[in-house]
Amino acid sequence: MSNFTWIDGSIVGVYLLATMAAGIMVRKYVGRVETFLVAGREMNVYLGIASLASTEFGIVTCMYTAQNGFDKGFAGATPGILFGLAYVIIGWTGFCIKPMRRSGVMTLPELFESKFGARIRWLSGLVIILSGLLNMGVYLRMGGEFLISVAGISPGGHTLEIMMSVLLISVAAYTILGGMLSVLVTDFLQFIVMSAGMILVTVLIILRVGWGTLLETVETHYGAGGFNPFLNADMGWSFVLFNGLVVTACVLTHQPVIQRVFAAKDERTGQRVFTRTSFFFVCRFMIPGIWGIAALAMLPAEAIGENTRAAMPMFLATILPVGLMGILVASMLAADMSTDSSYLLAYGSVIYNDLLGPLRKRLGLTDRQGILWNRLIVASLGIFFLFYGLWYPLKGSVWSYLTITATIGFASMTTLLISCCYWKRANSHGAAAAILVGALIPLAYLILELIPATQHLALKIGPNWSGIAAFAGSALAMISGSLLTQRQNVSREVSS
């Protein structure tokens, strides 16, 4: 039984109206494509911190990090620690992001064209979109499932479809009209609401359940493996290595993340946004992880069954009082809207800027026409995500699914980015080989998982080894492909 009442509904309604109004109001300032996609490159440090933190925490983030806490204890926060380290190191050194921002591009494929040519720009854009569509395809579904469970809404009929549609319309309305300006403005509001909601809920849980109970629960269920990932039966060093590769690749090449670098005033601003946001990424895994551990401590096993991602929202539905329930739902909506809007805009920018580049140049689009095209692309992406989320039979660990689908693009894009910035002998042949190898390995693993006859093989390989093989294979393909074709293709240098 949920404690969600008309008071909570009113809090959520007021928040939604305020956010949409703020996002739509800035549409009048959008007169150029560059303003629509990267906010005219005027983002400062504080707005960048709020925007990046909001973008990288949505309901799906809350769901999979809580599931990690439920399934793995405190060791489930390991990816968050790795994220924090990656942001600090990359932000402090400026590794790759300095030459990236200095280049003046709006997407990674646009940067790659300067060294590898137009064909690699198009191919890399295609892989980014494929990876992004598969990855984000489950976001709306996770958001809908969370809200239905927390609010105590009956899941029968078309409830999930309706909830997902409401989420999509709310996000798409201001993203389509205002682009990156709307995203940055609403992200700032959403960061405040999201942070307040997370802190209040966590304090209540610790007071109600007790820190000692949380520690004892993890010790009872997982022993030392609940605190140390290397001793956890479901993790181990392969999990840590693969996740280390994934989070580093995410910081360097994830289009919704690096779009903040492109939108920053200058290189230094982009670096400071990264270093100052780093601790948040530890919190984004640790706080929902505590919620998941509390669900493990308080809910009977028979009430949860095998769908452990549903444990956290089920627990919150019973423990949160009136008023705080509304703040939680509003904060989760804030988190989800900022994530979805940023991702829609980021992937839409790759489609417009890179995949449709040849057509766009032939048509000679004006800024006004370009903005219209971008709005249509964002709307089309939203519709795709709605139907994919309803169709795809997501099972098991959400985090495993997200890391594997992300690796389809991350493995090769990281290889191309590092080579583009720092290896003079890299060429288009090596880049093409890296893209193909980096994408095919995780795609093959996903196919093995879906086919009943080969699921045992996928289980034996596991997502960690599949992901490690994709990163290693992509790097080797770049090196061998470039060295074997040095006389056929002289690459161009990119200033670093």
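The values are calculated or read from the model by the stated rules, or taken from the named source; none is laboratory data. Nothing here was measured: the structure is a model prediction, and the numbers come from that model. We place every Cβ from the backbone using ideal geometry, glycine too, and count neighbours over all the protein chains shown.
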Inset, instruction - Look at region 351-383 and say how many of its residues are surrounded by fewer than 21 Cβ atoms within 10 Å (Cβ to Cβ) and among the acidic types (Asp, Glu). - result: 1
Inset, instruction - Looking at (1) crowded, with 22+ Cβ neighbours inside 10 Å; (2) touching a Pro at 6+ places or on another chain (Cβ under 6 Å), find the lone condition where Val240 falls short. - result: (1)
Inset, instruction - Could you tell me whether Ile205 is crowded, with 23+ Cβ neighbours inside 10 Å, farther than 30 Å from Ser349 by Cα and of a type in the set (Val, Ile, Thr)? - result: yes
Legend entry - Which numbered condition Val350 misses (of (1) without any contact (Cβ under 8 Å) to a residue 40 or more places away in the chain; (2) touching a helix residue (DSSP H, G or I) at 6+ places or on another chain (Cβ under 8 Å); (3) over 22 Å from Phe74 (Cβ atoms)): (1)
Inset, instruction - For region 102-124, name all the residues that are surrounded by 21 or more Cβ atoms within 10 Å (Cβ to Cβ), modelled with pLDDT of 85 or more and not acidic (Asp, Glu). - result: Leu108, Pro109, Leu111, Phe112, Lys115, Phe116, Ile120, Arg121, Leu123, Ser124
Legend entry - Tally of residues being under 26 Å from Tyr388 (Cβ atoms), among the hydroxyl-bearing types (Ser, Thr, Tyr) and in a helix (DSSP H, G or I) across region 90-132: 2
Legend entry - Ala426 surrounded by fewer than 19 Cβ atoms within 10 Å (Cβ to Cβ) and of a type in the set (A, V, I, L, M): no
Legend entry - Output for region 220-230, where each listed residue is in contact (Cβ under 8 Å) with a residue 12 or more places away in the chain, in a helix (DSSP H, G or I) and either under 22 Å from Leu459 (Cβ atoms) or not small (Gly, Ala, Ser) (or both): His221, Tyr222, Gly225, Pro229
Legend entry - Ala426 being assigned to a helix (DSSP H, G or I) and at negative phi: no
Inset, instruction - Quick one: Ala472 ticks every box in (1) of a type in the set (A, V, I, L, M); (2) crowded, with 20+ Cβ neighbours inside 10 Å; (3) over 17 Å from Leu130 (Cα atoms) except a single one, so which number is it? - result: (2)
Legend entry - Qualifying position, being more than 19 Å from Gln67 (Cα to Cα) and either buried (at least 18 other Cβ atoms within 10 Å of the Cβ) or not acidic (Asp, Glu) (or both), among Gly292, Gly212: Gly212
Inset, instruction - Answer yes or no: is there a residue in region 72-89 that is outside any helix (DSSP H, G or I) and either among the basic types (Lys, Arg) or in contact (Cβ under 8 Å) with a residue 60 or more places away in the chain (or both). - result: no
Legend entry - Selection status of Ala310, out of contact with any Leu (no Cβ under 6 Å at 6 or more places or on another chain), within 12 Å of Ala66 (Cβ to Cβ) and buried (at least 24 other Cβ atoms within 10 Å of the Cβ): no
Inset, instruction - Just one of (1) of a type in the set (Ser, Thr, Tyr); (2) under 30 Å from Asp8 (Cα atoms); (3) modelled with pLDDT of 85 or more trips up Ser54, so point out which. - result: (3)
Inset, instruction - Confirm whether Thr248 is part of a helix (DSSP H, G or I), touching a strand residue (DSSP E or B) at 6+ places or on another chain (Cβ under 8 Å) and of a type in the set (Ser, Thr, Tyr). - result: no
Legend entry - Only listed residue being at pLDDT below 75 and crowded, with 20+ Cβ neighbours inside 10 Å, chosen from Met325, Met332: Met332
Inset, instruction - Could you tell me whether Val261 is modelled with pLDDT of 95 or more and buried (at least 18 other Cβ atoms within 10 Å of the Cβ)? - result: no
Legend entry - Check on Ala346, part of a helix (DSSP H, G or I), at pLDDT 75 or above, more than 20 Å from the chain's Cα centre (by Cα) and under 30 Å from Val12 (Cα atoms): no
Inset, instruction - Test Ala330 against the stated conditions and say whether it is assigned to a helix (DSSP H, G or I) and free of Cβ contacts under 8 Å to residues at least 60 places away in the same chain. - result: no
